[in-house]
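> After the structure tokens below, expect a handful of questions from me.
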Amino acid sequence: MSDRFEGWFRRVLMVVLVLGLPAAAVSAGLTAYEASMRTVRAQAAERHQVTALSTTGVKNDDDWAKRPAQVRWTDTDGVVRTGTAPVKPGTPKGATVRVWVTRDGTITSPPVNTLNATTSGWMVGGMAAFGVAAVSYAAWTGMRLVLDRRRYAQWDAEWDLVEPQWSARFRR
């Protein structure tokens with residue numbers, strides 16, 4: 001009886017894996033991709049790049065990381081703005097740098113791009129596939145554990161009945 005149930009349960013889990021894993025991966029991946037693309041479009045509409053002049057120099061050290069420096073630029077309305085932006089090490093005072101700004105003139109990071117959205121979709125889809133596989137494996141392992149405990153209890157009970165007949169220790 002338990003062997004039949006185990007075989008049936010294994011078939012159900014295989015159907016879940018064959019049908020559910022791709023469905024979960026694709027739907028989760030597409031949902032994450034579409035959400036990321038909304039962010040890409042919103043940031044692309046809100047941010048633009050301007051050419052600014054560095055008003056302070058940045059020391060040239062052997063580090064490749066950008067350092068904060070004061071910059072000045074004129075926005076589309078003709079207003080001169082200043083702010084702090086990350087620039088490459090070794091940038092001299094008066095050098096032109098490209099910075100990203102929002103509509104209100106605040107310096108910000110570059111907008112996320114479609115590569116970020118694609119990567120997000122693939123990562124979430126992969127995690128969903130892994131989750132379905134892990135839950136299926138856990139269900140199979142749990143089912144085996146329960147059935148094996150039941151089988152061992154039945155074998156012990158049957159052995160308690162049969163063992164005295166086979167063993168000489170109860171004979172006189």
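> Could you run through the stretch 104-124 and say how many residues are out of contact with any Leu (no Cβ under 8 Å at 6 or more places or on another chain), in a helix (DSSP H, G or I) and not hydrophobic (A, V, I, L, M, F, W, C)?
Going through the stretch 104-124, the residues out of contact with any Leu (no Cβ under 8 Å at 6 or more places or on another chain) turn out to be 104-120, 122-124.
From the residues that got through so far, the ones that are in a helix (DSSP H, G or I) too are 114-120, 122-124.
Filter once more, keeping what is not hydrophobic (A, V, I, L, M, F, W, C): 114, 116, 118-120.
Here the count works out to 5.
> Looking at the stretch 25-64 only, could you name the residues that are of a type outside the set (Lys, Arg), open to solvent by 30 Å² or more (accessible area, probe 1.4 Å) and part of a loop (DSSP other than H, G, I, E, B)?
Selection gives Thr55, Thr56, Gly57, Asn60, Asp61, Asp62, Asp63, Trp64.
Each row is one residue, and each column tells you yes or no for (1) open to solvent by less than 70 Å² (accessible area, probe 1.4 Å); (2) acidic (Asp, Glu); (3) in contact with a strand residue (DSSP E or B) (Cβ under 6 Å, 6 or more places away or on another chain).
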| site | (1), (2), (3) |
| --- | --- |
| Thr84 | no, no, yes |
| Gly105 | yes, no, yes |
| Ser109 | yes, no, no |
| Gly121 | yes, no, no |
| Ala134 | yes, no, no |
| Ala138 | yes, no, no |
| Gly142 | yes, no, no |
| Ser167 | yes, no, no |
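> (1) under 17 Å from His48 (Cα atoms); (2) open to solvent by 100 Å² or more (accessible area, probe 1.4 Å); (3) in contact with a strand residue (DSSP E or B) (Cβ under 8 Å, 6 or more places away or on another chain); (4) free of Cβ contacts under 8 Å to residues at least 24 places away in the same chain: which one isn't true of Arg98, the others all being true?
Unmet condition: (4).
> Also, I was wondering about something else. Checking the structure you have, find out if any residue of the stretch 6-24 is open to solvent by 90 Å² or more (accessible area, probe 1.4 Å) and in contact with a strand residue (DSSP E or B) (Cβ under 8 Å, 6 or more places away or on another chain).
Pass one, the stretch 6-24, residues open to solvent by 90 Å² or more (accessible area, probe 1.4 Å): 8, 10-11, 14, 18-19.
Filter again for in contact with a strand residue (DSSP E or B) (Cβ under 8 Å, 6 or more places away or on another chain), leaving none.
Checked against the condition, which is being open to solvent by 90 Å² or more (accessible area, probe 1.4 Å) and in contact with a strand residue (DSSP E or B) (Cβ under 8 Å, 6 or more places away or on another chain), the stretch 6-24 yields no hits at all.
> Which condition from (1) among the hydrophobic types (A, V, I, L, M, F, W, C); (2) open to solvent by 60 Å² or more (accessible area, probe 1.4 Å); (3) modelled with pLDDT of 95 or more is the one that Val80 breaks?
So Val80 meets the others, but not (3).
> Kindly check whether there is at least one residue in the stretch 51-62 that is without any contact (Cβ under 8 Å) to a residue 40 or more places away in the chain, within 30 Å of Arg144 (Cβ to Cβ) and more than 35 Å from the chain's Cα centre (by Cα).
First, the residues of the stretch 51-62 that are without any contact (Cβ under 8 Å) to a residue 40 or more places away in the chain: 55-62.
From the residues that got through so far, the ones that are within 30 Å of Arg144 (Cβ to Cβ) too are none.
No, the stretch 51-62 contains no residue that is without any contact (Cβ under 8 Å) to a residue 40 or more places away in the chain, within 30 Å of Arg144 (Cβ to Cβ) and more than 35 Å from the chain's Cα centre (by Cα).
The values are calculated or read from the model by the stated rules, or taken from the named source; none is laboratory data. Quick caveat, the model's predicted, so the values are computed rather than measured. With ideal geometry, Cβ positions are generated from the backbone for all residues, glycine too; neighbour counts draw on all protein chains shown. Areas reflect the complete protein model, heavy atoms only, side chains present, ligands, DNA and RNA absent. Shrake-Rupley method; radii C 1.70, N 1.55, O 1.52, S 1.80 Å.
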